[in-house]
1. What is the one condition in (1) farther than 20 Å from L206 by Cβ; (2) modelled with pLDDT of 90 or more that G63 does not satisfy?
2. For the range 138-154, does any single residue satisfy the condition of being surrounded by 12 or more Cβ atoms within 10 Å (Cβ to Cβ), under 29 Å from L224 (Cβ atoms) and at pLDDT 95 or above?
3. Among the residues of the range 349-377, write down those that are in a loop (DSSP other than H, G, I, E, B) and either crowded, with 18+ Cβ neighbours inside 10 Å or over 13 Å from the mean Cα position of the chain (by Cα) (or both).
4. So which of A169, A201, A183, A208 ends up being more than 20 Å from H47 (Cβ to Cβ), under 22 Å from the mean Cα position of the chain (by Cα) and of a type outside the set (S, T, Y)?
5. If I go through the range 288-301 residue by residue, how many of them are open to solvent by 20 Å² or more (accessible area, probe 1.4 Å) and either in contact with a Ser or Thr (Cβ under 9 Å, 6 or more places away or on another chain) or under 19 Å from G5 (Cα atoms) (or both)?
6. From the list R332, R296, R340, which residue is in contact (Cβ under 8 Å) with a residue 60 or more places away in the chain and among the basic types (K, R)?
7. Of (1) among the aliphatic types (A, V, I, L, M); (2) open to solvent by 20 Å² or more (accessible area, probe 1.4 Å); (3) assigned to a helix (DSSP H, G or I), L171 satisfies all except one. Which?
8. Just need a number here: residues in the range 183-236 that are among the charged types (D, E, K, R), farther than 15 Å from Y320 by Cβ and open to solvent by 30 Å² or more (accessible area, probe 1.4 Å).
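The values are calculated or read from the model by the stated rules, or taken from the named source; none is laboratory data. Predicted model, so just to flag it, every value in this text is computed and none were measured. Glycine gets a Cβ as well: all are built from the backbone with ideal geometry, and neighbour counts include every protein chain shown. Calculation scope for accessible area: heavy atoms of the full protein, side chains included, ligands and nucleic acids excluded. Shrake-Rupley method; radii C 1.70, N 1.55, O 1.52, S 1.80 Å.
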Amino acid sequence: VRAAGHYVTVLLDPHSYDAVINDSDSLDFTRYAQVLMDRIFSLWLPHHQMAKAKTMMKKHFLGTNLAALNSTMSRHLQALLKAEMPQNQKDRKEEGLFNFSYSLLFKAGYLTLFGGEQNNNGVDPSCVYEEYKTFDGLLTKMARGTLKPEEKRTAQSVRQRLWELLAPAGLTEDSGVSPWLHAYRRLLQEEGTDDNTQQKAMLMQLWATQGNVGPAAFWLLGYLLTNPDAMAAVKREMETSEGSLLDRPANTPVFDSALEETLRLSAAPFITREVVQEKTLHMADGQEYLLRKGDRVCLFPFSSPQMDPEIHQEPQKYKYDRFLNADGSAKRDFYKGGRRLKYYSMPWGAGTNGCVGKQFAINTLRQFVYMVLTNYDLELCDPNAQMPE
């Protein structure tokens with residue numbers, strides 16, 4: 001495809017994805033990432049700094065440190081949900097599902113990873129959320145460089161306010177500050193990054209950690225509310241799960257399948273690479289394509305594998321048990337052209353650019369849905385409401 005002067009090879013066969021994902025010599029992501037960082041966050045970080053940060057994050061978002069993050073998140077979610085709900089049990093509260101999901105998860109995530117405790121004179125999470133919503137609404141246009149003059153002014157001022165709000169985040173090691181954020185700050189300081197750049201990096205990390213989990217919760221609750229069978233199955237599993245789902249990862253194949261199906265239908269990242277040296281792309285079916293230096297390659301997993309009818313029958317339909325076997329275990333076997341697929345849904349990216357916080361995000365979504373469904377009675381104001389496109 002030739003778009004805006006760029007030649008882009010769009011690769012649709014998931015059997016051939018590894019040829020792109022695993023080649024960091026001929027295909028480069030960092031230069032495009034730098035362009036986006038500059039456009040969205042007006043931030044420039046050297047590549048080695050980003051690589052070091054990723055290594056450091058793995059330490060904090062996986063293994064034993066993950067358990068501490070999960071329990072902090074659980075505590076903040078419980079407190080925020082309690083504050084959100086009417087004290088009188090008979091009162092019902094009406095709220096838009098998107099704002100309900102996004103605001104609660106954003107504030108809980110902000111307190112867990114950035115803000116320390118709510119009462120230690122830290123920045124009020126509601127204030128950060130309101131500014132962030134404005135920023136989030138302009139983000140796509142910033143990335144494309146298509147802001148109108150008025151929007152450009154709004155984007156600059158909201159960015160400035162967020163930089164100021166996030167300025168103290170992670171600077172000291174006092175109680176409540178996430179060890180991850182403090183370690184990230186230290187890394188930036190050791191690399192000689194000035195205060196101004198550090199603040200911009202804080203906003204980038206706020207977006208990277210909080211930008212997707214709230215919307216994902218909205219889609220998940222939305223699909224459960226509009227699919228009574230799915231809601232009943234998830235509730236049943238949560239009621240019978242041993243112990244609490246709040247402070248440790250639990251075995252919840254029904255919930256996991258419902259979430260995976262939600263993400264299959266709603267997650268649509270573009271995976272792009274710049275061709276930095278000429279490459280022959282060897283396809284799984286034996287065909288070969290020459291990728292020219294200076295062109296780009298794009299994977300769009302939403303089209304294939306996620307919406308491919310050969311891989312997922314009736315792909316437009318929400319089937320909460322699509323990722324379950326008949327015996328209730330997790331289903332991992334999907335086929336295209338008679339061959340088993342390695343990639344049958346890719347909401348978390350893949351390879352070296354896969355999401356480091358995947359497990360933390362899944363645990364957070366599980367905690368949130370568990371708390372909402374077991375403590376509150378949720379119903380649609382319009383029982384015939386349909387999910388948006």
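1. All conditions pass for G63, except number (2).
2. The answer is yes, given that some residue of the range 138-154 is surrounded by 12 or more Cβ atoms within 10 Å (Cβ to Cβ), under 29 Å from L224 (Cβ atoms) and at pLDDT 95 or above.
3. Across the range 349-377, the qualifying residues are A350, V356, G357, Y376, D377.
4. A169
5. Residues flagged as open to solvent by 20 Å² or more (accessible area, probe 1.4 Å) and either in contact with a Ser or Thr (Cβ under 9 Å, 6 or more places away or on another chain) or under 19 Å from G5 (Cα atoms) (or both) within the range 288-301 amount to 8.
6. R296
7. Just one mismatch for L171, condition (3).
8. 6
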